[in-house]
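The values are calculated or read from the model by the stated rules, or taken from the named source; none is laboratory data. All of these numbers come straight from a predicted model, not from anything done at the bench. We place every Cβ from the backbone using ideal geometry, glycine too, and count neighbours over all the protein chains shown. The protein model used for the area step is the full one, side chains on, heavy atoms only, and it has no ligands, DNA or RNA in it. Shrake-Rupley method; radii C 1.70, N 1.55, O 1.52, S 1.80 Å.
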Amino acid sequence: QMLRLNAAMRNVEDVPQTVRPFTLRAATGEYVIPALDELKRFKVIVSTCSTSGYLASRGSLPGWFTHVFIDEAAQALEPEALIPASVLEPGGLLVLAGDHHQLGPIVRSPAAVKYGLDVSLMERVVQRLTPEHSRVFTLRTTYRAHPSILKLYNETVYAGTLLCASPPRSYDMLSWPGCSVDSEG
């Protein structure tokens, strides 16, 4: 009931073996974009923002998805994020997951920067929400950072609101297999 939608020109070898059972390929081996009737058989369709544009080419617009989740939305260019958002049915739920305080979209065009495309859709939405209308949920506990690294960005970006729950084994390199540090080194 799940489909991993791939661009037709994607190299099959670039797709992990564990994901391949959820893809559709032609007899010749290349990925295919199914017809709308076949797409509607799936309860979940996973794709990149750009590849979700194939859904429009199959006549699925206006939207028929009840839920659209965009992971790492703070890194997506606004036009990219609008592609999957466009297949959302009226009244559907759009979830923008990510952290606009971290990596943003990479924009190399001065003209695009001039017109504000260096700001992600996620950041633009968060900037315009008022506290009484906010549906922004901030995860305050980190499990992946060394306390000294967390301290730096916690104080400079997050006003000291983050908590470090990382167990020492997650950042203590001495406990990593094959890693040794000695005084001779």
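Scanning segment 85-105 for residues that are of a type outside the set (S, T, N, Q) and touching a Leu at 6+ places or on another chain (Cβ under 8 Å) returns A85, V87, L88, L94, L96, P105.
Given the condition in a helix (DSSP H, G or I), surrounded by 10 or more Cβ atoms within 10 Å (Cβ to Cβ) and modelled with pLDDT of 90 or more, answer yes or no: does some residue in segment 164-177 qualify? No, segment 164-177 has no match at all. When segment 94-120 is filtered for residues that are outside any helix (DSSP H, G or I) and open to solvent by 80 Å² or more (accessible area, probe 1.4 Å), the ones remaining, listed by number, are H101, Q102, L103, I106, R108, Y115.
Among the conditions (1) part of a loop (DSSP other than H, G, I, E, B); (2) at pLDDT 90 or above; (3) buried (at least 18 other Cβ atoms within 10 Å of the Cβ); (4) over 13 Å from the mean Cα position of the chain (by Cα), the only one that I83 does not satisfy is (1). Considering segment 121-135, the residues that are within 19 Å of the chain's Cα centre (by Cα) and not in a loop (DSSP other than H, G, I, E, B) include one that is surrounded by the fewest Cβ atoms within 10 Å (Cβ to Cβ), namely R124. What are the residues in segment 1-37 that are part of a strand (DSSP E or B) and within 15 Å of S57 (Cβ to Cβ), if any? Once the filter is applied, which keeps residues that are part of a strand (DSSP E or B) and within 15 Å of S57 (Cβ to Cβ), segment 1-37 yields only Y31. Looking across segment 1-16 at every residue that is charged (D, E, K, R) and either open to solvent by 90 Å² or more (accessible area, probe 1.4 Å) or under 14 Å from V44 (Cβ atoms) (or both), the one that is modelled with the highest pLDDT is identified as R4.
A search for C-beta distances below 6 Å between a residue of segment 136-151 that is surrounded by 14 or more Cβ atoms within 10 Å (Cβ to Cβ) and any residue that is in a loop (DSSP other than H, G, I, E, B) and modelled with pLDDT of 80 or more, counting only pairs 6+ apart in sequence or on different chains, returns T142/L162.
Can you say whether V19 is over 27 Å from Y153 (Cα atoms), at pLDDT 90 or above and either of a type outside the set (D, E, K, R) or open to solvent by 30 Å² or more (accessible area, probe 1.4 Å) (or both), as far as the supplied structure shows?
Values: over 27 Å from Y153 (Cα atoms): yes; at pLDDT 90 or above: yes; either of a type outside the set (D, E, K, R) or open to solvent by 30 Å² or more (accessible area, probe 1.4 Å) (or both): yes.
Yes: the conditions hold for V19.
Taken together, the residues in segment 77-120 that are in contact (Cβ under 8 Å) with a residue 40 or more places away in the chain and on the phi > 0 side of the Ramachandran plot amount to 0.
Look through L5, L39, L88, L93 and report the one residue that is more than 21 Å from the chain's Cα centre (by Cα) and farther than 25 Å from R108 by Cβ. Quick ask: steps written out before the conclusion?
Numbers: L5 fails: more than 21 Å from the chain's Cα centre (by Cα); L88 fails: more than 21 Å from the chain's Cα centre (by Cα); L93 fails: more than 21 Å from the chain's Cα centre (by Cα).
Exactly one of L5, L39, L88, L93 is more than 21 Å from the chain's Cα centre (by Cα) and farther than 25 Å from R108 by Cβ, namely L39.
The set of residues from segment 136-163 being in a helix (DSSP H, G or I), at pLDDT below 90 and charged (D, E, K, R) comprises just one member, K151.
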